[in-house]
1. Could you grab me the full set of residues in segment B:161-187 that are away from ligand 1 (no atom under 16 Å from the Cβ), open to solvent by 20 Å² or more (accessible area, probe 1.4 Å) and in contact (Cβ under 8 Å) with a residue 40 or more places away in the chain?
2. For residues that are open to solvent by 30 Å² or more (accessible area, probe 1.4 Å) and closer than 17 Å to B:K401 by Cβ, scanning just segment B:459-472, find the one that is farthest from ligand 2 (Cβ to nearest atom).
3. Of all residues in segment A:1-30, how many are outside any loop (DSSP other than H, G, I, E, B) and at pLDDT 95 or above?
4. Has segment B:127-136 got at least one residue that is open to solvent by less than 40 Å² (accessible area, probe 1.4 Å), part of a helix (DSSP H, G or I) and either in contact (Cβ under 8 Å) with a residue 40 or more places away in the chain or within 16 Å of ligand 3 (Cβ to nearest atom) (or both)?
5. For segment B:649-679, give me each residue that is part of a loop (DSSP other than H, G, I, E, B) and either more than 12 Å from chain A (Cβ to nearest Cβ) or of a type in the set (A, V, I, L, M, F, W, C) (or both).
6. Among the residues of segment A:1-23, how many are more than 25 Å from B:C73 (Cα to Cα) and without any contact (Cβ under 8 Å) to a residue 12 or more places away in the chain?
7. Is one or more of the residues making up segment B:279-297 aliphatic (A, V, I, L, M) and open to solvent by 10 Å² or more (accessible area, probe 1.4 Å)?
8. Among the residues that make up segment B:349-356, is at least one of them without any contact (Cβ under 8 Å) to a residue 40 or more places away in the chain, within 16 Å of ligand 3 (Cβ to nearest atom) and either over 30 Å from A:L121 (Cβ atoms) or part of a loop (DSSP other than H, G, I, E, B) (or both)?
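The values are calculated or read from the model by the stated rules, or taken from the named source; none is laboratory data. Note that this is a predicted model, so its numbers are computed, not measured. Here the Cβ is made from the backbone with ideal geometry for all residues, glycine too, and neighbour counts use every protein chain on show. Surface areas here come from the heavy atoms of the whole protein model, side chains and all, with no ligands, DNA or RNA. Shrake-Rupley method; radii C 1.70, N 1.55, O 1.52, S 1.80 Å.
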Amino acid sequence: MSCEPWQCAEVSSTKKAMAITKPEVAISLIRRANRPILVVGSNAINRKLEGKLLIDYLIDFAKASKIPIVATAHMVGEFLKRGYKPAGFMSAMDIGNRLVDPEWQGIDGKGPHDLAVFVALPYYMQGLILSGLMHFATKLKTLTLDNMYHPHASWSFPNAGVGIWAENLKVMTSKFEGGQ
Amino acid sequence: MTRKNVHLKIGEMKTDTGLIKNLEVSVGKLIDDSWEEPMGPTPMPEITTLRNWDLTLLNKYKPFYLPACDLCCLCTFGKCDLTGGKRGACGLEIGAQSSRIVLLACSIGAATHTAHARHMVDHLIEKYGRRYPLDVGGLNIKVEAPVTRLITGIKPEKLGDLEEVLDYCETQITHCLSAAHTGQEGNNLDFESKAFHAGRMDQIGMEIGDIAQISTLDFPKADPDAPLIELGIGTVDTSKPVIMAIGHNVIPSIGVIDYMKANNLGESLEVVGLCCTAFDITRNWKRGKIVGPISWQLRFIRGGFADVVILDEQCVRTDIFNEAERVKAPVIAASAKNCMGFKDRTDDPADEIVADLVSGKTPGVLILDPDKVGEVAVKVAQQVAPKRRNFTVLPELEEIKKLAKTCRHCNLCRRSCPQDLEISEALKDAAEGSIKKLTELYEYCIGCARCEQVCPVKLSIHSFIIKAGEKKMLEETNFCRCGRGAIQDIEIRNVGSPIVLGEIPGILAVVGCSNYPKGGKDVYDICREFANRRFIVVTSGCSAMSAGSYKNEEGQTIYEEFTGDFAAGGVLNVGSCVANSHIAGAAIKVANIFAKRPLRGNYEEIADYIHNRIGAVGLAWGAYSQKAASIAAGFWSLGVPVLVGPHGSKYRRMLLGREDKKENWEVYDARTGDKINVGPSPEHLFQTVETKEEAMVTIAKLCIRPNDTWKGRSIKLSHYIDLSKRFYGLIPQDIDKFVRTEADIPMTMKNDILEIIKEKGWKETVIPDPTLLPRLVRKKKEIK
Ligand code: SF4
Ligand code: SF4
Ligand code: SF4
């Protein structure tokens, strides 16, 4: 495991995401948040982990954790196809732009989010949005669930193979399911 | 230079008062103002003249910043850490710094097009004289330079008239650039306004460059039936010597073509181009061939196809001489902006240069005389080709399989690959005997060779991919419509009304470079989808090549399947990067020719018209360069939304509307002065999308304009809804914001949509005569 950015040149400067060494840390961050959301990008249908698409892991996770999903790109259709209705959908730039607005009342209109969890956007695009949030959404914390280290997030899993990634997602889902 | 001056020299003249000898008179400038149209309010705008207009747009579409770098290192006070709200030593914060980088990119882009145009105009004046008439479309075009007329108030008629326009652009670009100096501009929106101004200059620079070359170099003149040109590596006859030109400035390649024609060599050599210079070669000489977009430089050179490589300017790989040397192909650098470290041999006899290049005494030369470039390139190609015999550095497949075994699977290649391609997995399979995965990478690889830079065992990964894709590469035999140039006035008259009323659902301009997320096929798919939907699809640059690189079920390319007319369902290639100006020009001409809005020096009114009435969207799916940034800026300032592919997020600043903020979507009704909410039409001015599916839904939505009639709106909504259902699996959830009256709802969907919008508390509203400019309100009442 390494805490270098996945794409070698995507270095950060003086601030760097805290590395998550165990899925339990991510679980507790999500649990501690009052109003988390999960932003899911287009790689949800491009990444296969142990024969199962990432989007299917994420649906399991969202159902277990009750975290509302905002689907970017055309992912809303992919979620609907699988019988899961995301809380909202919009372009990645739109959700980023709303998250930097302290007045935005969130995807359900019930108040600003305090934790934005990102996964499955193109790496560089997700990194840029996380950078925008780091600079301009000062009250928001960010977390990534990819197997690629994102230095601009508040917390990120380090670079890892798909096996470890799948395991982390499964552990997170089961812990939420078990109410642990 | 005295280019604007009138210079009179009299040897001897008898007058009433006596004999005058050797009289020389210079006057600064003669103003020939035969253009009857009165001058509008903002001719030759200075850097702040249109600031209010820019700020109006920037208030509607606010910047969303994506800082690509947390630091600033532009002066020796730095590096400054701008994280956590900290300001740099000069007081600058990260938002302004991000806009400053946008301004720098747009200024570089505008300078590049303008310098290109300056070189073109100087060269053509030297060749044809200042009085050479401009002609971009014969009798079919009266408004020959809509951008120039609009911004500067000048109506150029002769080559020499273009010089004054360029003087103006050069001054403005210098101002724009100077604003980026430390301790100049400090406000983010002012940086943005200046970036818009750079974009305006960029549009002029492009227009001047293109109308100069169209007028003099025998290019198609606004011709919808411009010939089909062979496109693709497979079209190149490698049994002949091959001269390959890379870049954007066609002048050196014209030297080659002229030399070949003069010496009856037209049939005995291949002249091919890569990137925009390819278009301009083929606009001059239809026997030229288009290899492909900018990302194919290494494919073609490493593949051994080129016997001589001519480099002009812009988007040329800066290590191309190393690559060419590997395949023993001499290089001729032919642009003062791109000397490549070669010795300047411009004044040496051609045969001496030829001898040095053929013998390998020197791998490359700098020649700044296009005629000499022509002679040297042809002679070198003829002598080098039999020796090189298409020498390639691509390894054989067996060798690749062997070398793949040395891969350490460290993944550094993938982590350096902008496309995140799974190279290590492909090499694992190759080591086991299967190159299938490597072959699949061919379509997605953008040819940057970054993977090779980091590989600890020095594997030529990009070459492996090219070799694996070689069969496909050699089968690339397609057609691209030759760049037609401008849009005819009559075409504008024919489509003006349906565009403005919304009955032609939109103009989609697919422009720019080839930094695509998943290959060029996306561009083809998008173009075809919208042509089938009877949008007007305009292409240019590398995107025009990618659009032509795939075939339909009948084996036709998109340019064979659809007409080249500026009409519903047309797919027309305007040409190279500089021809992008004709796309802005077409929108301007709709406002002027169809709607009869005054053009001359009347920027705000025309931009306001375009923004509120013309459903045009720019898609730069693979935009990568600073020129693409400045081209986009020119469209932003005209109020035309631009969409970029995912790599476009690296421009680090979006201009986004907020559809959830109702107050952002008010316009004045020019008839009454009332403020009317028109909804998010168009929703964004600059946006990145992730996938082609998202791009298609977004394009349909971004074509919606406040002025649409109910019929036009219902047509536009039917496309938006249909694409949304197809790719998102549902009726758009923001549909209530686009329905003004029940008549706007497409007939077949009426019940479903009424149900949705009524649930959202929808209320009927009026269709205004929309404007963002209070001064255009006809009924005078106090505007708040
Ligand atoms: S320009 Fe300003 S922010 Fe940048 S290095 Fe200099 S002082 Fe720092
Ligand atoms: S960088 Fe080289 S050694 Fe490492 S995985 Fe890629 S090809 Fe193999
Ligand atoms: S050359 Fe192709 S495979 Fe290599 S880094 Fe660039 S895009 Fe990736």
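1. Restricting attention to segment B:161-187, the residues satisfying the condition of being away from ligand 1 (no atom under 16 Å from the Cβ) are B:161-176.
Adding the requirement that they be open to solvent by 20 Å² or more (accessible area, probe 1.4 Å) leaves B:161, B:164, B:167, B:170-171, B:174-175.
Across segment B:161-187, the qualifying residues are B:E164, B:D167, B:E170, B:H175.
2. The first filter runs over segment B:459-472 and keeps only residues open to solvent by 30 Å² or more (accessible area, probe 1.4 Å), leaving B:460, B:470-472.
Next cut, closer than 17 Å to B:K401 by Cβ only: B:460, B:470-471.
Working: B:S460: 10, B:E470: 19, B:K471: 22 Å.
Once the filter is applied, the top-ranked residue is B:K471.
3. First, the residues of segment A:1-30 that are outside any loop (DSSP other than H, G, I, E, B): A:2, A:18-19, A:23-30.
Adding the requirement that they be at pLDDT 95 or above leaves A:18-19, A:23-30.
Count: 10.
4. Our first condition is that a residue be open to solvent by less than 40 Å² (accessible area, probe 1.4 Å); within segment B:127-136, this holds for B:129, B:134, B:136.
Among the residues that remain, those that are also part of a helix (DSSP H, G or I) are: none.
No, segment B:127-136 contains no residue that is open to solvent by less than 40 Å² (accessible area, probe 1.4 Å), part of a helix (DSSP H, G or I) and either in contact (Cβ under 8 Å) with a residue 40 or more places away in the chain or within 16 Å of ligand 3 (Cβ to nearest atom) (or both).
5. Those that are part of a loop (DSSP other than H, G, I, E, B) and either more than 12 Å from chain A (Cβ to nearest Cβ) or of a type in the set (A, V, I, L, M, F, W, C) (or both): B:A670, B:R671, B:T672, B:G673, B:D674, B:V678, B:G679.
6. Within segment A:1-23, residues that are more than 25 Å from B:C73 (Cα to Cα) and without any contact (Cβ under 8 Å) to a residue 12 or more places away in the chain number 1.
7. So the first thing to find is which residues in segment B:279-297 are aliphatic (A, V, I, L, M), and the list is B:281, B:290-291, B:294.
The next check asks that each one be open to solvent by 10 Å² or more (accessible area, probe 1.4 Å); those that pass are B:294.
Within segment B:279-297 (the criterion being aliphatic (A, V, I, L, M) and open to solvent by 10 Å² or more (accessible area, probe 1.4 Å)), the answer is yes, since at least one residue qualifies.
8. First, pick out the residues of segment B:349-356 that are without any contact (Cβ under 8 Å) to a residue 40 or more places away in the chain: B:349-356.
Narrowing the set further to residues that are within 16 Å of ligand 3 (Cβ to nearest atom) leaves none.
No, the conditions are met nowhere in segment B:349-356.
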